[in-house]
Amino acid sequence: MSDKLKSIRGMHDGLPHDVAGWRHIEEAARTICSRYGFREIRLPILEPTPLFIRSIGSETDIVDKEMYTFEDKGGDWLSLRPEGTAGAVRAYLQAGLTRSGIQRWFYMGPMFRRERPQKGRLRQFQQIGVELFGDAGPVCDAEILAMAHDLLERIGIRDVRLELNSLGCPACRPAYREELLAFLHRQHDHLCDTCRTRIDRNPMRVLDCKEPGCQAVLGDAPEMLSHLCDECDAHFHGLKENLDRLAVPYHINPRIVRGLDYYTRTAFEIVTTQLGAQGTVIAGGRYDGLVEELGGPTTPAIGFALGLERLALLLPDADPETPDVALVALGEEAQAQAVRTAHTMRAAGLATVLCGSGSAKSQFKRADREQARFVVVIGEDELARDELTLKDMRDGTQQSVSLDQAVRACREAASG
C-alpha cells in the first residue's frame, strides 16, 4: 500500500478487537463515576491555542514542541487538545458555573500530542478525564483517589500501586525552588541534555527524568515534602488519614512532580511494572490556581486522567461483540421472509445479521464466521410449515420452532 494511503504515524485505527477493550474501560468509568456523583460532559477537540499556553505553561514540552497548532482562515490560532483539563476549566467559566456549587465532571475522547510513538504512547490517544471544581479539602482528594482505585478494580486491573506526593503551594514552593535550583546547578555536568535545558525553565521536571544517570545524581535532591508550609502539611496529613480510613493503599514518592505547571498540593500516579517505561496508568492532582489563571475566581479543583490504549494493554484480549442470531435464507421467497424475521428479532433486542443470498454452503460459511450464538435457517420446508430451524451453536442442537418461540429462546440465552 502506498504511504499516502496509510494512517498518520502515531495515529492508529481502532478496529473491533481494540474497541472491545476500550468499551469495557469506558463502561466501567461511566459506572464508577456515576456512583461518585460525576456527570459526563463533551468538550471540543479544537481549542484556542492561548488556552493551553496560559494553562499548561509556555515552558512545558507539550506547548513547546508537542501541540498540533495551526492558523485558520480567520487568522485565529487553534490547537488540537493535548489534554482535557484546560478545556474543562474553560467550559466551567464559559458556562458561568463558578457560583453553582461543586461541579463533578468526567469526559472521554481523543487527545493529540506529537511525541515519539511507542508502545502505550501515541500521537492520537483516547483519554478519560475526571475534574472536580469547588472543594478544597483533603477528604475530596481522598475520594478522588478512592474513585480511581475503584475504577481499576471494576476494569479488572489490580497489580498497580498508588504513588503520592505534595507539590506545595505558591506560599511554600518558591523557597524550595531556590534550594532545588542550587542543587541542580551543582549537578549540571552530570545531567542529561534535556534536564540541563529544564533547570531554569522548569526545575521540578528534572526530578521526573527516567535516565539512569540522572536518577543516580538526583537521589540527594531536596524534597518538596520537607518544605511544605503548615497548611499544605496539614492537607497532606489529612489526605493520608482519609485514604487509610477508605482502605486505599498508597506509597509516598517525593519524585512525583507531574509535567504541567498548574498542579498544586496533591499529585499522584497509579503505576504498574507490566508496561516498562510507560508504567503510569492513571495520573493527576490538585490544581487550585488554574481557574483563576484563566480569568475566574479563586477556585479549588482536582482531577485525573487515564489513557485507554495504555490501560487496555493490561487487559486480556477482548473478543469483539458477536451477533445473537445469523439468518440463512435458502431461495428467493425465503430471502423476503428473512428480512421480515430479522426486523422482528432486532425489535426484540437481538443482534441479528443476514448471511447474504448465495448458496447454502456460502451462507453457512458466513454464519460460521459471524460466530453468532444461534443460526436460524429459512428454506422451502420452513416456509411450508411457517416455522424456522433454530440451531444452538454451543451444543449443536437444533429444532423447528415458530418465530415467537425462536425469539423467546434467543432472548433467554442472551440474558442468561
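The values are calculated or read from the model by the stated rules, or taken from the named source; none is laboratory data. As the structure is a computational prediction, the values presented were derived from the model and not from experiment. All Cβ positions, glycine included, derive from the backbone under ideal geometry; neighbour counts span all protein chains shown.
Structure values in brief
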{"item": "Qualifying residue in segment 373-385 (condition: under 35 Å from the mean Cα position of the chain (by Cα) and not assigned by TED's automatic domain parsing to the domain that holds residue 19)", "result": "yes"}
{"item": "Count of segment 71-102 residues which are assigned to a loop (DSSP other than H, G, I, E, B), among the basic types (Lys, Arg) and surrounded by 11 or more Cβ atoms within 10 Å (Cβ to Cβ)", "result": "1"}
{"item": "Single condition residue 64 does not satisfy, out of (1) surrounded by 21 or more Cβ atoms within 10 Å (Cβ to Cβ); (2) closer than 30 Å to residue 196 by Cβ", "result": "(1)"}
{"item": "Elements of type helices (runs of 4 or more DSSP H) in segment 203-289, at least 1 residues being at pLDDT 85 or above and surrounded by fewer than 18 Cβ atoms within 10 Å (Cβ to Cβ)", "result": "212-217, 230-245"}
{"item": "Filtered residues of segment 35-77 (kept if among the aromatic types (Phe, Trp, Tyr) and under 25 Å from residue 101 (Cα atoms))", "result": "36, 38"}
{"item": "Test: residue in segment 107-122 that is in a loop (DSSP other than H, G, I, E, B), assigned by TED's automatic domain parsing to the domain that holds residue 7, out of contact with any helix residue (DSSP H, G or I) (no Cβ under 8 Å at 6 or more places or on another chain) and basic (Lys, Arg)", "result": "yes"}
{"item": "Answer from 138, 117, 174, 110 - the residue that is free of Cβ contacts under 8 Å to residues at least 24 places away in the same chain, on the phi < 0 side of the Ramachandran plot and not hydrophobic (A, V, I, L, M, F, W, C)", "result": "174"}
{"item": "Those residues of segment 23-43 which are part of a loop (DSSP other than H, G, I, E, B) and either modelled with pLDDT under 95 or surrounded by 12 or more Cβ atoms within 10 Å (Cβ to Cβ) (or both), in sequence order", "result": "36, 38, 41, 43"}
{"item": "The one condition in (1) over 19 Å from the mean Cα position of the chain (by Cα); (2) surrounded by 15 or more Cβ atoms within 10 Å (Cβ to Cβ) that residue 6 fails to fulfil", "result": "(2)"}
{"item": "Hits in segment 318-335 - residues which are of a type in the set (A, V, I, L, M, F, W, C), under 14 Å from residue 378 (Cα atoms) and out of contact with any strand residue (DSSP E or B) (no Cβ under 6 Å at 6 or more places or on another chain)", "result": "330"}
{"item": "Single residue of segment 154-171 satisfying the filter (out of contact with any Cys (no Cβ under 9 Å at 6 or more places or on another chain) and assigned to a strand (DSSP E or B)) that is surrounded by the fewest Cβ atoms within 10 Å (Cβ to Cβ)", "result": "161"}
{"item": "Condition check for residue 20: surrounded by 16 or more Cβ atoms within 10 Å (Cβ to Cβ), modelled with pLDDT of 95 or more, in the same structural domain as residue 147 (by TED's automatic domain parsing) and not in a strand (DSSP E or B)", "result": "no"}
{"item": "Residue selected from segment 356-378 under the condition small (Gly, Ala, Ser), under 15 Å from residue 342 (Cα atoms) and touching a helix residue (DSSP H, G or I) at 6+ places or on another chain (Cβ under 9 Å), by the criterion modelled with the highest pLDDT", "result": "356"}
{"item": "Selected residue [touching a Pro at 6+ places or on another chain (Cβ under 6 Å) and either in the same structural domain as residue 379 (by TED's automatic domain parsing) or surrounded by 16 or more Cβ atoms within 10 Å (Cβ to Cβ) (or both)] from 351, 326, 347, 367", "result": "351"}
{"item": "Residue that is farthest from residue 21 (Cα to Cα) [pool: residues in segment 298-313 that are modelled with pLDDT of 95 or more and either part of a loop (DSSP other than H, G, I, E, B) or of a type in the set (Ser, Thr, Tyr) (or both)]", "result": "299"}
{"item": "Flag if residue 284 is closer than 18 Å to residue 306 by Cβ, without any contact (Cβ under 8 Å) to a residue 24 or more places away in the chain and in contact with a strand residue (DSSP E or B) (Cβ under 7 Å, 6 or more places away or on another chain)", "result": "no"}
{"item": "From 338, 348, 342, residue being over 30 Å from residue 272 (Cβ atoms), in contact (Cβ under 8 Å) with a residue 24 or more places away in the chain and in contact with a strand residue (DSSP E or B) (Cβ under 8 Å, 6 or more places away or on another chain)", "result": "338"}
{"item": "Condition met for residue 114 (farther than 30 Å from residue 221 by Cα and not hydroxyl-bearing (Ser, Thr, Tyr))", "result": "yes"}
{"item": "Residue under evaluation residue 182, criteria (1) part of a loop (DSSP other than H, G, I, E, B); (2) at pLDDT 85 or above, criterion not met", "result": "(1)"}
